[in-house]
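Written out below as structure tokens is the structure these notes cover.
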Amino acid sequence: MGKTISEKIFESHLRDEPFEGTKVLALDRVLCHEITTPVAIADLAWRGKDRVFDKTKIKAVVDHVTPSKDSKTALQAKMLRDWARRHDLKDFFDVGHNGVCHALFPEKGYIQPGFTVIMGDSHTCTHGAFGAFAAGVGTTDLEVGILKGVCAFREPATIRVNLIGDLAAGVYAKDVVLYVISQLGVNGATDRVIEFAGSVVDDMSMEARMTLCNMAIEAGGTSGICMPDRVTVDYLWPFIQDQYATKEDAVADYLKWHSDADANYDQVLEFDVSSLDPQVTFGYKPDCVKPVAQMAGTPVDQVYIGTCTNGRIEDLRVAAAILKGRRVANTVRGIVSPATPKIFSDAMAEGIIQIFMEAGFCVTNPTCGACLGMSNGVLANDEVCASTSNRNFNGRMGKGGMVHLMSPATAAASAITGVITDARSL
Amino acid sequence: MKKVFKGATIFLDRSDINTDEIIPAKYLTEVTKEALKPYLLEDLKLDGFDPQGQALKNARVVVSRQNFGCGSSREHAPWVFEVNDVHTIIAESYARIFRQNMFNGGMLAIELPKSDIDQLFALAEHGTVDIAVALEAKTITACAGDEKIQISFDVSEFDMALVKAGGWVEFADERY
Ligand code: SF4
């Protein structure tokens, strides 16, 4: 019987199996941000174990609330900063260099095929786009990861999602993944990895694959994952060129991680996305999804473009193409947060920031910002936000606020008209 | 903190209760568990449920439906239960990260089939339900008035080892 990519990664990283079905894996990356790490840091100190297992494998960023908004968030950032300095972590990203974790770390080349990755953040599944096993964990798992470089998981079962057909113009990875979640349900993939495959994924950029994998957790998935291929190698080349003579060598080497043809899946689903329309959520769960036509005309007070789901350069390009020469409706507040400093400066160089500003958008620094209602861009009671983020829970962006999830194209079009709008109709 | 797996029970009759409802993001700026205490389930909207009510204050055990604790990885969700002396949650199913966070902290996230959960809900019609968990025997005893039921449950050997060790840090420290 063949193996899935996740099984191969588990096998190659197995440190211990204390009980049947419990796999303790050696970790290649332990990623940290300022919201979930400080309690782990404090607890380690309290236990007299203020140590790190490997300072080159731990990466940290202040991203959720940055620059700090008050004394409490300043303390969180300070605890992370002091800890990073104390342990001489080379890769710590603070104000001026920081961005949304799941956009920043891949951009630095930290995530590579076959890696095991944990972070105290549920959207860590994003990194599976590189053919890594990447799982969000709580602070205790993070703490043990920092101290020992291991994490325990159940044997991974996999749902394979084959995406076939041709995406229509104006339909994006975000629409695909919203649709997949609507089919799986919010707990349809609990304790399982979602393996995204098929010709549609093969044709996707790394940015689009990250958007897909980012939302695996919204169906309950432990990780999303894609097979590492030429697209992966092209993206990672600046970081892996010392390891391989040619790109072809790297592509060939990465084949070792690919799921075998006779691998065992818990479930195999196939979706032909050729006739898929842009998708938008309603209600307070990410599996409440409708085609945009059924949501069109819903008034919005705020439009938010950014986050670890859709704050990458491709996303900003798509939105800017729609906003160019147009203005945000006067009933709408438009906010854009490029996800990293590099994305911000690339967007400047390409004239994208100018387009957003001329359209009347507020451009913020790279941060999670409005996404989880912790810093800027919080909604008032009864307000509605069209957002490119990944979670529409009640109160997510501010108590009493409603969030509709959608692609950057749909969000940009909705900003112009003031109501949820199919960008293809403009 | 010594964990106690028994006491008065509160019933939350809904699936997909998420971590934002258990502890809203605006409180994630706290850096101690104790500071979370007043905010347990603050944003949960459910008929008959009052986050400031006596029923929640008295509760030591929670019974709920499917996919409990979905959403964010924040361990603040188990912690806010922990500091309110709720160390046992019983539901049809959990989100993976929440479930692991419970066991990692030496607490119990017990999974029962729908029929058993229905039985517990039915028992609540007889008055306040008290639940006691017998770890070794892997049974739950639930009492309300003169009514009493006993249900067996299963947890993985690993999860049980974590509860006995007091949590994953303790377990890992011994072993790795
Ligand atoms: S952008 Fe939103 S979903 Fe992504 S890491 Fe930040 S808060 Fe979490």
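The values are calculated or read from the model by the stated rules, or taken from the named source; none is laboratory data. For clarity, every value in this text was computed on a predicted model and none was experimentally measured. Backbone-built Cβ (ideal geometry, glycine too); neighbour counts: all protein chains shown. For accessibility, only protein heavy atoms count, side chains too; no ligands or nucleic acids. Shrake-Rupley method; radii C 1.70, N 1.55, O 1.52, S 1.80 Å.
In square nanometres and to one decimal, what's the mean projected area of the convex hull around the Cα atoms of region A:250-376?
Dividing the Cα hull surface by four gives the mean projection, 12.1 nm².
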Identify the GluC sites (Glu not before Pro) of region A:1-95 meeting these criteria: DSSP loop state and at most 10 other C-beta atoms within 10 Å of the C-beta.
-> A:Glu20
Per-residue mean of C-beta atoms belonging to partner chains within 10 Å, peptide A:189-195 | 2
Name the residues whose placed amide hydrogens come within less than 5 Å of the amide hydrogen of A:Asp272, ignoring near sequence neighbours (fewer than 5 apart) on the same chain.
-> A:Ile164
Any of B:Lys6/B:Lys148; A:Lys23/A:Lys256; A:Lys57/A:Lys108; A:Lys55/B:Lys33; B:Lys33/B:Lys138 with alpha carbons more than 23 Å apart? Name them for me.
-> A:Lys55/B:Lys33; B:Lys33/B:Lys138
Both in Å, the radius of gyration and Dmax of the C-alpha trace of region A:5-154 are 14.9, 47
For chain A, what is the charge dipole size about the Cα centre, in debye to the nearest 20, if Lys and Arg each add +1 at the Cβ and Asp and Glu each add -1 at the Cβ?
-> 1300 debye
Using a Förster distance of 35 Å, how high is the FRET efficiency between A:Met348 and A:Arg230, based on the Cβ-Cβ distance and rounded to 0.05?
-> 0.75
For every other residue with a beta carbon closer than 14 angstrom to the beta carbon of A:Ala347, add +1 if it is Lys or Arg and -1 if Asp or Glu, then tell me the sum.
-> -3
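Once you have a ≥ b ≥ c as the square roots of the Cα gyration tensor eigenvalues for chain B, tell me rounded if a/c is under 1.5, and otherwise prolate or oblate according to whether a/b is larger than b/c.
oblate
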Dipole check, chain B, charges on Cβ (K,R +1; D,E -1), about Cα centroid: among B:Val155, B:Pro78, B:Ile117 the Cα furthest to the positive pole belongs to B:Pro78
A:Lys49 and A:Val268 label points (each 7 Å along its Cα→Cβ direction) are spaced in nm at 4.3 nm
Carbon and sulfur atoms: what percent of the 1.4 Å accessible area of region A:281-425 do they account for?
-> 55 percent
So which trypsin sites (Lys or Arg not before Pro) in region A:312-357 end up in coil per DSSP with only 14 or fewer other C-beta atoms within 10 Å?
-> A:Arg327
For B:Lys164, A:Lys55, B:Lys3, A:Lys285, write out the residues from largest to smallest accessible area, computed with a 1.4 angstrom probe and no ligands counted.
-> B:Lys164, A:Lys55, A:Lys285, B:Lys3
Everything considered on the Cα gyration tensor (a ≥ b ≥ c; rounded for a/c under 1.5, else prolate if a/b is larger than b/c, else oblate), region A:157-272 must be described as prolate
Order of exposure, largest accessible area first, which applies to B:Glu174, B:Glu34 with probe 1.4 Å = B:Glu174, B:Glu34
Normalised contact order of chain A, rounded percent, pairs of Cα under 8 Å and 6 or more residues apart = 17 percent
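For the protein assembly as shown, count all C-alpha to C-alpha pairs, find those more than 40 Å apart, and express that count as a whole percent of the total.
Result for the distance tail: 23 percent.
For the pair A and B, how large is the buried accessible area, both sides, in square angstrom to the nearest 100, if the probe is 1.4 Å?
4000 Å²
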Partners for A:Lys285 among lysines (Cα-Cα distance below 18 Å; same-chain residues under 8 apart left out) = A:Lys174, A:Lys399, B:Lys45
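To the nearest 20 Debye, how big is the dipole of region A:5-154 about its Cα centre, given +1 on the beta carbon of each Lys and Arg and -1 on that of each Asp and Glu?
360 debye
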Can you give the relative contact order of region A:157-272 as a percent, counting alpha carbon pairs under 8 Å and 6+ residues apart?
-> 37 percent
Averaging sequence separations of C-alpha pairs under 8 Å and six or more residues apart, then dividing by the length of chain B, give the relative contact order as a whole percent.
-> 23 percent
Out of A:Ile159, A:Ser223, A:Trp237 - ranked by how far each Cα lies towards the positive end of the dipole of region A:157-272, with unit charges on the beta-carbon of charged residues - the top one is A:Ser223
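Please figure out what share of the DSSP beta bridges in chain A is antiparallel and state it in percent, rounded to the nearest 5. Spell out each step's value before the answer.
Values: 11 of 54 bridges.
DSSP beta bridges in chain A are roughly 20 percent antiparallel.
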Where a Cα-Cα gap under 19 Å defines reach, which aspartates and glutamates qualify for B:Lys57, not counting those fewer than 8 residues away within the same chain?
-> B:Asp13, B:Glu21, B:Glu34, B:Glu42, B:Asp43, B:Asp47, B:Glu82, B:Asp85, B:Asp130
Net charge near A:Ala103: determine it from the other residues with C-beta under 14 Å of the C-beta of A:Ala103, scoring Lys and Arg +1 and Asp and Glu -1.
-> -2
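Keeping every protein chain in place, order A:Asp266, A:Asp315 by accessible area at 1.4 Å, biggest value first, i.e. largest first.
Listed by decreasing accessible area, they come as A:Asp266, A:Asp315.
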